Each structure stands twice: as C-alpha cells, then as structure tokens.
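S.K.: A single structure is presented below for examination.
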Amino acid sequence: MPVRLGADVFTEQEISEDKIVKLSKTMTAFRNLIEVHEVISYKAYATSAMREALNGKEVIDRVFKESGVKIHIIDGETEAKVI
C-alpha cells in the first residue's frame with residue numbers, strides 16, 4: 001500500500017500533517033487487514049522520502065502509536081532488492 005510522501009519531502013524537507021494523517025489511516029487499515037486475515041508476519045517499509053524527511057523519525061513514531069504498525073526505514077540497496 002504505497003503512500004506517496006515524496007512531493008512534500010522534496011519541496012519542504014518534511015512530511016506534511018496531511019500526509020501523516022493519510023499514512024496513519026492507511027497503516028490502521030493495513031493493521032485491520034492483518035488481524036482479519038490472521039497474518040503471522042509482515043513488514044512495512046518506508047523508503048527514500050522517509051529517509052530524507054527531517055521529521056521522518058517523528059512520523060514513524062506517531063504512526064506506530066496511532067496504528068500499531070511498525071514501519072522500518074530501509075536503505076536504497078534494500079529498497080532495490082524488495083522492489
């Protein structure tokens with residue numbers, strides 16, 4: 001479930017409140033699907049936009065608090081392997 005954060009980061013160097021809310025809602029929906037389908041293991045990744053955002057760590061912490069989904073910020077090499 002990609003959430004496009006790049007436009008904010010590349011122009012403002014931070015993820016906007018609007019995008020944070022959308023990300024949190026998306027991760028909450030993701031969490032609900034995980035529970036409904038009784039998923040045993042999952043990974044949620046953030047890529048270049050989150051790596052470069054000045055507020056990336058705060059966004060990750062907030063989304064975890066609101067949704068219960070732990071997002072892992074991955075490096076470019078891992079991103080290339082996953083994609």
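S.K.: Just to be sure I understand: with springs between alpha-carbon atoms less than 10 Å apart, which residue in 63, 39, 21 has the highest mean-square fluctuation in the Gaussian network model of the chain?
M.R.: 39
S.K.: Which residue, 40, 60, 20, has the most motion in a Gaussian network model of the chain that connects Cα atoms within less than 10 Å?
M.R.: 40
S.K.: Compute the angle between helix 17-36 and the longest alpha-carbon principal axis of the chain, please, reported from 0 to 90 degrees and rounded to the nearest 10.
M.R.: 20 degrees
S.K.: Can you list the HN-Hα couplings for the range 40-47, worked out from phi with the Karplus curve (6.51, -1.76, 1.60; θ = phi - 60°), rounded to whole Hz and with x for Gly and Pro?
M.R.: 8, 9, 8, 9, 10, 10, 10, 10
S.K.: Another question, then. Using the heavy atoms of the protein chains alone and a 1.4 angstrom probe, what is the accessible area of the chain per residue in square angstrom? If you can, show how the numbers build up before the last one.
M.R.: Working: 5640 Å² over 83 residues.
Per-residue accessible area for the chain comes out at 68 Å².
S.K.: Where does the chain land at 222 nm, in deg cm²/dmol rounded to the nearest 500, when only DSSP H runs of n ≥ 4 count, each adding -39500 (n - 2.57), divided by all residues?
M.R.: After summing the helix terms and dividing by the residues of the chain, the value is -18000 deg cm²/dmol.
S.K.: At a Förster distance of 22 Å, what's the computed FRET efficiency of residue 75 paired with residue 35, Cβ-Cβ distance as r, to 0.05? Could the numbers behind the result be given before it?
M.R.: Values: r = 30 Å, r/R0 = 1.35.
Calculated transfer efficiency: 0.15.
S.K.: Cut-off 10 angstrom, C-alpha nodes, Gaussian network model of the chain. Which of 11, 26, 47 fluctuates the most?
M.R.: 11
S.K.: Same structure, new question: For the chain, give the magnitude of the charge dipole about the Cα centre (Cβ charges: +1 Lys/Arg, -1 Asp/Glu; no others), in debye to the nearest 20. Intermediate values should be presented prior to the final figure.
M.R.: Working: 12 positive and 14 negative charges, 50 e Å.
Taking the Cα centre of the chain as origin, the dipole is about 240 debye.
S.K.: Further question: Share of the chain's accessible area from carbon and sulfur, percent, 1.4 Å?
M.R.: Details: 3040 of 5640 Å².
C and S atoms contribute 54 percent here.
S.K.: May I pose another question? Between helix 56-67 and the chain, what is the angle of the helix's C-alpha long axis to the longest principal axis, kept within 0 to 90° and rounded to the nearest 10?
M.R.: That helix lies at roughly 30 degrees to the long axis.
S.K.: Ignoring ligands, DNA and RNA, how do 72, 37 rank by accessible area with a 1.4 Å probe, largest first?
M.R.: Details: 72 75, 37 130 Å².
The ranking, largest first, comes out as 37, 72.
The values are calculated or read from the model by the stated rules, or taken from the named source; none is laboratory data. The structure presented is a predicted model; accordingly, all values stated were derived computationally and were not measured. Note that we place each Cβ from the backbone using ideal geometry, even for glycine, and neighbour counts take in every protein chain shown. Surface accessibility is based on the protein's heavy atoms, side chains included, excluding ligands, DNA and RNA. Shrake-Rupley method; radii C 1.70, N 1.55, O 1.52, S 1.80 Å.
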